[in-house]
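> Let me give you the structure first, and then I'll get to my questions.
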Amino acid sequence: MDNKFGSFIDSKRRAPRSWALRSLVLLLGFGCAAFLLLGSYAHPCILPRTNQLSKTVLHTSISRTSSHWQAPKDTNVWNLVLVNPWNPLPEDHSISLKQVGSGQAVDQRCAQALQAMMDDCRAANLSPLICSSYRTQETQQSLYDAQVNDFLSQGYSRDEAESMAATIVALPGTSEHQLGLAVDIVDQNYQILESSQEDTPVQRWLMEHCWEYGFILRYPEEKSDLTGIIYEPWHYRYVGVEAAKVITQAGICLEEYVGATAKAVPDSLS
Ligand SMILES: [Zn+2]
């Protein structure tokens, strides 16, 4: 016992001789261990918290990028509907679904474009796999609840767990998957939803070509303050070819695109 704790301090000077000194060593040892444990527990990963995301940030960033691209003439169209933590699904939203692949379905208006993108990706000898598409309110609720429970089991408070979960799985009613215009696509050879998904051949192909089919990588890196969602190099959203081209080439996100006013058009986009 003495040797065990003595080794925390100095392997050459072993057990402290007096009881007082031994108690002090034990206290310091436990104190250090507790500090290390709590310290690492409180910062297990870097995730944007929803309570740090604000519309103030959104407007600031929009004006910063205002001279690099042209805003759409009309944002009140089905393919540009904005659904995010601050803009829930419209209450009157209805959807006509079309099957794409086994067990997956999207809004029929983007099904053909999605099928073409998948076909062409496969024609490039790659193996894309749609792992999530349209979700009902109930499905979104169960996914969100599971993520909250995961954080609760790690020791977070309910407030913390709910805030952190909302940046990973959208709150029910605020998910683009409920719109039917979003799909999660992974590489069949690497199906884990984490940032390294971006290095797979499938994602490299999709990131380069998705706009040609009217899709955008919806949650880019370093746009989390605007989208409210962490970087997701697997979530693609249909916005139409015209919008997808501008959004992709200008390096902006959908929030910036639809929230903007007058913009100048650079030569490369006109
Ligand atoms: Zn998704």
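> Please determine, by comparing only the residues of segment 212-226 that are more than 16 Å from the ligand (Cβ to nearest atom) and surrounded by fewer than 22 Cβ atoms within 10 Å (Cβ to Cβ), which one is farthest from residue 75 (Cα to Cα).
222
> State all residues of segment 110-128 that are crowded, with 16+ Cβ neighbours inside 10 Å and either under 18 Å from residue 79 (Cα atoms) or within 15 Å of the ligand (Cβ to nearest atom) (or both); if no residue qualifies, say none. If you could, list the steps in order and put the result at the bottom.
Here is the first cut: in segment 110-128, the ones crowded, with 16+ Cβ neighbours inside 10 Å are 110-111, 113-114, 117-118, 121, 126, 128.
Of everything in segment 110-128, those that are crowded, with 16+ Cβ neighbours inside 10 Å and either under 18 Å from residue 79 (Cα atoms) or within 15 Å of the ligand (Cβ to nearest atom) (or both) turn out to be 110, 111, 113, 114, 117, 128.
> Hey, another quick one. Filtering segment 87-109 down to residues that are under 22 Å from the mean Cα position of the chain (by Cα) and either surrounded by 14 or more Cβ atoms within 10 Å (Cβ to Cβ) or of a type in the set (Ser, Thr, Tyr) (or both), which residue is farthest from residue 257 (Cα to Cα)?
Checked segment 87-109; the qualifying residue farthest from residue 257 (Cα to Cα) is 104.
> Residue check, residue 163 against (1) assigned to a helix (DSSP H, G or I); (2) in contact (Cβ under 8 Å) with a residue 40 or more places away in the chain; (3) within 15 Å of the ligand (Cβ to nearest atom), all met but one. Which one?
Going through the list (1) assigned to a helix (DSSP H, G or I); (2) in contact (Cβ under 8 Å) with a residue 40 or more places away in the chain; (3) within 15 Å of the ligand (Cβ to nearest atom), residue 163 breaks only (3).
> Kindly list the number of the only condition in (1) in a helix (DSSP H, G or I); (2) modelled with pLDDT under 95; (3) touching a Pro at 6+ places or on another chain (Cβ under 9 Å); (4) surrounded by fewer than 17 Cβ atoms within 10 Å (Cβ to Cβ) that fails for residue 242.
Looking at each condition in turn, residue 242 falls short on (2).
> Please specify each residue of segment 81-97 satisfying the condition of being modelled with pLDDT of 95 or more and of a type in the set (Gly, Ala, Ser).
96
> Which residues, counting only those in segment 227-243, are within 21 Å of residue 128 (Cα to Cα) and within 13 Å of the ligand (Cβ to nearest atom)?
231, 232, 233, 234, 235, 236, 237, 238
> So for segment 207-224 (the condition being in the same structural domain as residue 251 (by TED's automatic domain parsing), under 14 Å from the mean Cα position of the chain (by Cα) and part of a strand (DSSP E or B)), does at least one residue qualify? Spell out how you get there, then give the answer.
Step one: of segment 207-224, the residues in the same structural domain as residue 251 (by TED's automatic domain parsing) are 207-224.
From what is left, the residues that are under 14 Å from the mean Cα position of the chain (by Cα) are 216-224.
Now narrow it down to the ones that are part of a strand (DSSP E or B): 216-217.
Within segment 207-224, one or more residues are in the same structural domain as residue 251 (by TED's automatic domain parsing), under 14 Å from the mean Cα position of the chain (by Cα) and part of a strand (DSSP E or B).
> Scanning for something polar (S, T, N, Q), in contact with a strand residue (DSSP E or B) (Cβ under 9 Å, 6 or more places away or on another chain) and touching a residue at least 60 places away in the same chain (Cβ under 8 Å), does segment 93-100 turn up at least one residue?
No: segment 93-100 contains no residue that is polar (S, T, N, Q), in contact with a strand residue (DSSP E or B) (Cβ under 9 Å, 6 or more places away or on another chain) and touching a residue at least 60 places away in the same chain (Cβ under 8 Å).
> Another question about this same structure. Could you pull out the residue among 154, 188, 140, 178 that is under 20 Å from residue 103 (Cβ atoms), assigned by TED's automatic domain parsing to the domain that holds residue 90 and away from the ligand (no atom under 14 Å from the Cβ)?
Exactly one of 154, 188, 140, 178 is under 20 Å from residue 103 (Cβ atoms), assigned by TED's automatic domain parsing to the domain that holds residue 90 and away from the ligand (no atom under 14 Å from the Cβ), namely 188.
> Looking at segment 132-150, is at least one residue in a loop (DSSP other than H, G, I, E, B), hydroxyl-bearing (Ser, Thr, Tyr) and over 28 Å from residue 167 (Cβ atoms)?
Within segment 132-150, none of the residues are in a loop (DSSP other than H, G, I, E, B), hydroxyl-bearing (Ser, Thr, Tyr) and over 28 Å from residue 167 (Cβ atoms).
> Consider only pairs whose beta carbons are under 6 Å apart and that are at least six residues apart or on different chains; among these, list those whose first residue lies in segment 213-242 and is at positive phi and whose second residue is of a type in the set (Asp, Glu) and within 12 Å of the ligand (Cβ to nearest atom).
Every condition considered, no pair remains.
The values are calculated or read from the model by the stated rules, or taken from the named source; none is laboratory data. Here the structure is a predicted model, which means the values were calculated and not measured. Positions of Cβ are backbone-derived with ideal geometry, glycine not excepted, and every protein chain shown enters the neighbour counts.
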